Amino acid sequence: MSGKNLFEKIVQAHGLDPLPRPGDPVELPIDQTLTQDATGTMACLQFEALGAPRVHTRRSVGYVDHNTFQAGFQNSDDHRFLKSFAARYGIVFSGPGNGICHQVHLERFGVPGETLLGSDSHTSAGGGIGMLAIGAGGLDVAMAMAGRPFGLTCPEVVLVRLEGALPAWVTAKDIVLELLRRVSVKGGVGRVFEYGGPGVETLSAPERATIANMGAETGATSSIFPSDEATLSFLKSQRREKSFKPLSADQDASYFDVITIDLGKLEPMVAQPHMPDRVCPVKEIEGLNLDQVAIGSCTNSSYKDLATVAAILKGRSVHPGTSLVISPGSRQVMAVLAETGALKDMIEAGARILECTCGPCIGIGQSPPTDGVSLRTFNRNFRGRSGTLSAKLYLCSPEVAAVSALKGELTDPRSFSEPVKVAMPEVFPAMDHLFFQPPADPSAVEVVRGPNIKPLPMAGTMPETLKGEVLIRLDDDITTDDIMPAGAHILALRSNIPAISQYVFSQRDPEFSKRATEKGGGFIVAGRNYGQGSSREHAALAPMVLGVKGVIALSFARIHRANLINFGILPMTFSKAGDLERIQPGDQFIVDRAASLLKGGETTIRVVNATQGNSFEAGIDLDERERSVVLAGGLLNHFKL
């Protein structure tokens, strides 16, 4: 019998024995959950609907890190609701300004070997310290908080073998950009990337978290690193060495595939607009004039990242034609930057220091100018994500960003100077007094709701026949930003589904919501990898409110497919690419006996195009649980049956 890989060891320790095979349905027990305010308000409303008196996880943490721009009452009301909800139901609460959920969770709560489910696609950052950390929709997280296991399809485990060591000016960000260059934004769907090889030992825990975090851009279920001496060193610096547990794959572990990356051959990389996999060496396009440089996000806002930026900026000035904005990942990071003088160096160089939040990454402030070029250390560069539809976003490491900010143009840092060295503190300030712990007796806690928090919408049971017109036809790699855009004015409506539903596809087709309402709903058709990107379940929930009955695509991103099912929308796959090419917006679809075919376990369904007088087959490859959920009209309905 061959040895076990990290994924197998963790799931077996959680009771999955015998081990599932790739493609098998899995019910994974969850130790920890995290929510953030952009998705957390709805997850909390869903938890309430389940009727559980208290969370059942070892630890659940609610963060406010997205909607901290308080221009009106909506976000402030949501924050008050989330704080009171956390106290009532046993959740640790991290308020606005405390930091970005993934950075803070890594610092204060992550435990090697435990399972973490988060209502944010970048929850996978926890894999940097050996957690099996998975992003999911808010409803799945609500179910986990209520003590239910997380249902998923067992992924293939791919070993990413790292050899050698990184050259000067090459970073962990360049490793994950190289992976994206090789496998694409679709290449991780249905997979877990497990990192091994001698090169892993050269990477610190924050560097590993950068890689695990951005593995989400490949569509991967998760990314995992071993828990070793680097993990222990990180936990000691957080005064949490008691949480350490060694965890590594067996030498004879087996994998579905192996990807080898020679770290010594890498160079500074950059992802070009408008996809994270459009990667090339910086030197190929350097000289690009920059209107803005933005440093931070859950991918690159650790102390090491920002102290390195400060060392590059020290005694120099940001180019007068470029705006440099920096958002530290946590109060802890900000405090140590202030203590060491690094913060002063950034300020004196001309950087704008932002609150410890996601901010510009999701279009909350600091949007570039019209047709502007922004170089970012973030994880996504989708069109319009910055809040400026015409802006061009490039992704890079903090080192590339800092040097380029000084030059005012994209610059390969190897031509700049000798690499800077940063001394890491032995111990970081815990600042745990800034987290609100739930009371032992929550009976006196009142959950406070503002007028923007509307009742949770529910779908009805699935009808026998699905009818409606094709409301929109889309191409490949449609993101959840395309479906439900981010930005300050839209994110403020996350707890008001009737209002936010008016913005579905608003950047692609401003008339979509109105048309869907007038037509009584219908169908969405799309190409490959539909729904990639953010875990935001609003990209499924709002279309459900508009009457969308089904989505037919060549393939789906994992989280969005699950969200469609959770809200009673039937995901179907084209059997032939040519069937998609013939469809036109406005075509009338009829799917007879849809409910009966799902109940009967059929794997294909016939879709009649009444407008064109033809039909085609579509796949309905759902497991037994997923079929029951869709038939019930969603996961909440299914749970109550």
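The values are calculated or read from the model by the stated rules, or taken from the named source; none is laboratory data. This one's a predicted model, so the numbers in the text were calculated from it and none came from an experiment. Here the Cβ positions follow ideal geometry from the backbone for every residue, glycine too, while neighbour counts run over all protein chains shown.
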(message) Can you tell me which residue is nearest to Gln238 (Cα to Cα) among those in region 180-201 that are touching a strand residue (DSSP E or B) at 6+ places or on another chain (Cβ under 8 Å) and assigned to a helix (DSSP H, G or I)?
(response) Val200
(request) Identify, by number, the condition in (1) in contact with a Phe, Trp or Tyr (Cβ under 7 Å, 6 or more places away or on another chain); (2) buried (at least 24 other Cβ atoms within 10 Å of the Cβ) that Arg59 doesn't meet. (result) (2)
(request) Test each condition in (1) assigned to a loop (DSSP other than H, G, I, E, B); (2) buried (at least 17 other Cβ atoms within 10 Å of the Cβ) for Gly287 and report the one that comes out false. (result) (2)
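One line per residue, one yes/no per condition, for (1) at pLDDT 95 or above; (2) more than 23 Å from Glu399 (Cβ to Cβ); (3) touching a Lys or Arg at 6+ places or on another chain (Cβ under 8 Å):
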residue	(1), (2), (3)
Leu232	yes, yes, no
Ser248	yes, yes, no
Tyr255	yes, yes, no
Val258	yes, yes, yes
Gly264	yes, no, no
Met269	yes, no, yes
Gln272	yes, no, yes
(message) What's the number of the only condition in (1) crowded, with 21+ Cβ neighbours inside 10 Å; (2) polar (S, T, N, Q); (3) more than 21 Å from the chain's Cα centre (by Cα) that Gln70 fails to meet?
(response) (1)
(request) Kindly indicate the residue of region 397-444 that is surrounded by fewer than 18 Cβ atoms within 10 Å (Cβ to Cβ) and of a type in the set (Ser, Thr, Tyr) and also farthest from Gly315 (Cα to Cα) among those meeting that condition. (result) Ser443
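Listed here are the residues, each with its yes/no results for (1) surrounded by fewer than 17 Cβ atoms within 10 Å (Cβ to Cβ); (2) touching a strand residue (DSSP E or B) at 6+ places or on another chain (Cβ under 7 Å); (3) within 30 Å of Arg380 (Cα to Cα); (4) among the hydroxyl-bearing types (Ser, Thr, Tyr).
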{"site": "Gly450", "(1), (2), (3), (4)": "yes, no, no, no"}
{"site": "Met458", "(1), (2), (3), (4)": "yes, no, no, no"}
{"site": "Glu464", "(1), (2), (3), (4)": "yes, no, no, no"}
{"site": "Gly468", "(1), (2), (3), (4)": "no, yes, no, no"}
{"site": "Thr479", "(1), (2), (3), (4)": "no, yes, yes, yes"}
{"site": "Pro485", "(1), (2), (3), (4)": "no, no, yes, no"}
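Yes or no, residue by residue, for (1) of a type in the set (Phe, Trp, Tyr); (2) touching an Asp or Glu at 6+ places or on another chain (Cβ under 8 Å); (3) over 13 Å from Ile524 (Cβ atoms); (4) free of Cβ contacts under 8 Å to residues at least 12 places away in the same chain:
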site	(1), (2), (3), (4)
Ser555	no, no, yes, no
His560	no, no, no, no
Leu564	no, no, no, no
Ser575	no, yes, yes, no
Leu580	no, no, no, no
Gln588	no, yes, yes, no
Arg593	no, yes, yes, no
Lys599	no, no, yes, no
(request) Please find, within region 572-597, the residue that is surrounded by the most Cβ atoms within 10 Å (Cβ to Cβ) out of those that are modelled with pLDDT of 95 or more and small (Gly, Ala, Ser). (result) Ala594
(request) Show the residue pairs that are 6+ apart or on different chains and have beta-carbon atoms under 7 Å apart, the first residue being within region 174-202 and in contact (Cβ under 8 Å) with a residue 24 or more places away in the chain, the second being aromatic (Phe, Trp, Tyr). (result) Val192/Phe7; Glu194/Phe7; Tyr195/Phe225; Val200/Phe225
(request) Would you mind telling me which numbered condition in (1) out of contact with any Pro (no Cβ under 6 Å at 6 or more places or on another chain); (2) surrounded by 22 or more Cβ atoms within 10 Å (Cβ to Cβ); (3) polar (S, T, N, Q); (4) farther than 18 Å from Cys298 by Cα Ser222 fails? (result) (4)
(message) Looking at the structure I just gave you, is Asn563 under 17 Å from the mean Cα position of the chain (by Cα), of a type outside the set (Ser, Thr, Tyr) and closer than 28 Å to Ile453 by Cβ?
(response) yes
(request) Considering only region 274-331, state which residues are more than 25 Å from Gly533 (Cα to Cα) and among the basic types (Lys, Arg). (result) Lys283, Lys304, Lys314, Arg316, Arg331
(message) I need the full set of residues from region 535-553 which are farther than 20 Å from Ala632 by Cβ and in contact with a strand residue (DSSP E or B) (Cβ under 8 Å, 6 or more places away or on another chain), in order please.
(response) Ser535, Ile552, Ala553
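Among the residues of region 320-373, which ones are of a type outside the set (Val, Ile, Thr), closer than 25 Å to Pro206 by Cα and part of a loop (DSSP other than H, G, I, E, B)? Steps first, please.
Within region 320-373, the subset of a type outside the set (Val, Ile, Thr) is 320-321, 323-324, 327-332, 334-335, 337-339, 341-346, 348-352, 354-356, 358-361, 363, 365-369, 371-372.
Imposing the further condition that a residue be closer than 25 Å to Pro206 by Cα reduces the set to 324, 327-332, 334-335, 337-339, 341-346, 351-352, 354-356, 358-361, 363.
Ser327, Pro328, Gly329, Gly341, Ala351, Leu354, Glu355, Cys356, Cys358, Gly363 - these are the residues of region 320-373 that are of a type outside the set (Val, Ile, Thr), closer than 25 Å to Pro206 by Cα and part of a loop (DSSP other than H, G, I, E, B).
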(request) Could you please find all residues in region 374-410 being β-branched (Val, Ile, Thr) and either over 17 Å from Leu177 (Cα atoms) or not in a loop (DSSP other than H, G, I, E, B) (or both)? (result) Thr388, Val400, Val403
(request) Scan the helices (runs of 4 or more DSSP H) fully inside region 485-596 and keep the ones with 2 or more residues being outside the structural domain of Gly219 (by TED's automatic domain parsing) and farther than 30 Å from Gly118 by Cα. (result) 512-519, 577-582
(message) The conditions are (1) assigned by TED's automatic domain parsing to the domain that holds Leu395; (2) out of contact with any Asp or Glu (no Cβ under 9 Å at 6 or more places or on another chain), and Ile259 fails exactly one of them. Which is it?
(response) (1)
(request) Could you figure out which of (1) without any contact (Cβ under 8 Å) to a residue 60 or more places away in the chain; (2) out of contact with any Leu (no Cβ under 6 Å at 6 or more places or on another chain) isn't true of Asp482? (result) (1)
(request) Spot the failing condition for Gln32; the list is (1) touching a helix residue (DSSP H, G or I) at 6+ places or on another chain (Cβ under 9 Å); (2) surrounded by fewer than 22 Cβ atoms within 10 Å (Cβ to Cβ), and only one is missed. (result) (2)
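Residues Ala212, Ala294, Ala249: which one is part of a helix (DSSP H, G or I), touching a residue at least 60 places away in the same chain (Cβ under 8 Å) and either in the same structural domain as Gly23 (by TED's automatic domain parsing) or crowded, with 18+ Cβ neighbours inside 10 Å (or both)?
After ruling out the rest, the residue left standing is Ala212.
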(request) Output the residues belonging to region 308-319 that are more than 24 Å from Pro368 (Cα to Cα) and part of a loop (DSSP other than H, G, I, E, B). (result) Lys314, Gly315
(message) Looking only at residues that are in a strand (DSSP E or B) and among the hydrophobic types (A, V, I, L, M, F, W, C) in region 135-170, which one is surrounded by the fewest Cβ atoms within 10 Å (Cβ to Cβ)?
(response) Phe150
(request) Pick out the one residue from Pro398, Pro438, Pro425 that is of a type outside the set (D, E, K, R), under 30 Å from Met484 (Cα atoms) and either touching a residue at least 12 places away in the same chain (Cβ under 8 Å) or not assigned by TED's automatic domain parsing to the domain that holds Leu324 (or both). (result) Pro398
